[in-house]
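Notes follow the structure.
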Amino acid sequence: MTSTSGKPMKIGIVGLGAGAMNMIPELNANPHAEIVAAADPRKQATERFKREFGGEVFDDAEALCASPNVDVVYVMTPDHMHAQNAIMAAENGKQVLLDKPMGLTLSECDDVIRATEANGVRVIVGHTQSLDPPNLKMAQIVASGRLGKPVMIHTLFYSDWIYRPRAPEELMQDRGGSIVRRQGPIQVDIMRMMGGGRVRSVRAMTSATDSSRPIDGSYTAFLDFEDGHAGTMTYDGYGHFNSAELTFGYTLQGYPSDPGLHARTRKRINDLGTMEAEEAVKEASRYGGSSNRPIDYPVSPERRQAFFGLTLVSCEHGDIRQTPTGVVIHGNDGDEHIEVDGGPGFNRRYGDVEVDEMYAAINEDREVRIHDHHWGKATLEVVLGILQSAEERREVNMLYQVPYRGMDVS
């Protein structure tokens, strides 16, 4: 296994797309990480990387994974490439930070599990807002039992996701372009963390209400947990109501909500008119794109989480929810506000927790405690269960669930 011996992990990034623009600021600011390589077929992306970070650049993942200068491969490629890139990294003896989802099928997840275990490397699946410090704190409080057993869990998010600029493959259901596959893993992770991890069954419905965006754009799911509690998760990406109204005005991006933002997002897509024009806007937003987005954009220090909508956990002796700076417990004896350190990052700690956990696991020579390969498969099973339940209009039982092991949050 790779050992960093207390030195920063040397990280190679596979895929310098729009997602990388959210991840690179945090990775660059993390003292446990050193960005040393990147792979992307787009020359403008690798040229910018060379200017900003030096190091090695490659036009394909295979060459990066073979580099002796890389300890950890950070997979940020399109969803249908996640599993194959993770396997490639594992077969080269690299530790793996893998963007969600783990794969498009459970079979792909099994292939990743076999590759990582056969080669003695670790994988963390995530880079999602489920690992924001306040969400981790809520899960820790629930798991501690101080409020008794969990009873109900609810999480909801209303955004303009469906009308953000997309590449053609992102609007193809069979390429993983649905809101359930793309955004569902985040909510499923949140639900499973709060509920102990083991979902018994799923009942859900999805909807696709705009023929010009032929993928599901909203869903509602009911999760029945093995331990006897239940939860609901709702996501609507059609850009009408903005759930930032329920989260103190803060959005996923971290800035106070703009009441007209969603309407402008829909109008922008309509005004573009063609898929080619939309794809050009998407390309401009990627690392190395013409918009030239900076990698060091700070947000308000008063806001310490991404607010992937609102999550509320009801236990026997109290309810827990997020605040901009932590969590609040509505208990039998009144409200208790708990501050949670947001850390030094710039954007939304995108991947920060995973990087720190991988670093600790390598240097302590132990398994990762959060969102490992078995957790990633279990989360995808719930995501696929949502799609199957909606299509067949029936309850779908789960077979591969694992418990939430959690981690300490001060």
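All of the numbers you see were taken from the coordinates with simple rules; none came from a lab. Computed from a prediction, not measured in an experiment: that's the story for all the values here. Here Cβ is always computed from backbone atoms with ideal geometry, including for glycine, and neighbour counts include all displayed protein chains.
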- Task: Along Cα→Cβ, 7 Å out, is where each label goes; now give me the distance between the ones at Glu367 and Glu62 in nm to one decimal.
- Result: 3.3
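Compute the length gained on full extension between Ser207 and Leu106: take 0.36 nm times their separation in residues and subtract their Cα-Cα distance, giving the result in nm to one decimal.
The Ser207-Leu106 span can extend by a further 34.0 nm.
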- Label point distance in nm, Leu399-Arg146, each placed 7 Å from Cα along Cα→Cβ: 4.0
- Query: How large is ³J(HN,Hα) for each residue in the stretch 16-22, as worked out from phi by the Karplus curve 6.51 cos²θ - 1.76 cosθ + 1.60 (θ = phi - 60°), to whole Hz, x for Gly and Pro?
  - Reply: 10, x, 5, x, 4, 5, 7
- Query: Hey, fewest Cβ within 10 Å first, where do Tyr400, Tyr219, Tyr74 land in order?
  - Reply: Tyr400, Tyr219, Tyr74
- Note on the structure: Phi-derived 3J(HN,Hα) across the stretch 28-38 with the Karplus relation (6.51, -1.76, 1.60, θ = phi - 60°), rounded Hz, x for Gly and Pro, is 5, 8, 7, x, 8, 10, 10, 7, 10, 7, 8
- Query: For Arg198 and Ala360, FRET efficiency with R0 = 30 Å and r from the beta-carbon atoms, rounded to 0.05?
  - Reply: 0.75
- Message: Take the chain, mark every one of the GluC sites (Glu not before Pro) that falls in a DSSP loop and has at most 13 other Cβ within 10 Å, then report the longest stretch left between them, sites excluded.
- Response: 1-301
- In Å³ per residue, the alpha-carbon convex hull of the stretch 63-116 encloses 61
- Query: Which FRET efficiency, nearest 0.05, do Asp333 and Glu226 yield, Cβ-Cβ r, R0 45 Å?
  - Reply: 0.90
- Item | Full-stretch length increase - His317, Glu91 - with 0.36 nm per residue and alpha-carbon distance subtracted | 76.5 nm
- Note on the structure: Listing Arg369, Arg182 by rising number of other beta-carbon atoms within 10 angstrom, fewest first, gives Arg369, Arg182
- Query: So how do His32, His373 line up by other beta-carbon neighbours within 10 Å, fewest first?
  - Reply: His32, His373
- Which percent of Cα-Cα pairs in the stretch 1-158 sits in each 5 Å bin, short to long? 2, 9, 16, 19, 17, 14, 10, 7, 4, 2, 1, 0
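Cα-Cα over 29 Å: which of Lys50/Lys377; Lys137/Lys267; Lys43/Lys377; Lys50/Lys137; Lys43/Lys94?
Lys50/Lys377; Lys137/Lys267; Lys43/Lys377; Lys50/Lys137
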- Calculate, for Lys267 and Gln388, the FRET efficiency according to 1/(1 + (r/R0)^6) with r their C-beta to C-beta distance and R0 35 Å; round to the nearest 0.05. 0.50
- What share of the DSSP beta bridges in the chain is antiparallel, in percent to the nearest 5? 60
- Query: Pick from Ser211, Ser290, Ser159: which is most flexible by mean-square fluctuation in a GNM of the chain where alpha carbon atoms under 10 Å apart are linked?
  - Reply: Ser211
- Item | Cα-based shape type of the stretch 131-281, given that a ≥ b ≥ c are square roots of the gyration tensor eigenvalues and the cut on a/c is 1.5 | prolate
- Per the Cα gyration tensor, the chain corresponds to an equivalent ellipsoid with semi-axes, largest first in Å, of 30, 26, 22
- Item | Label-point gap, in nm, between Arg114 and Leu246 - each point 7 angstrom along Cα→Cβ | 4.3
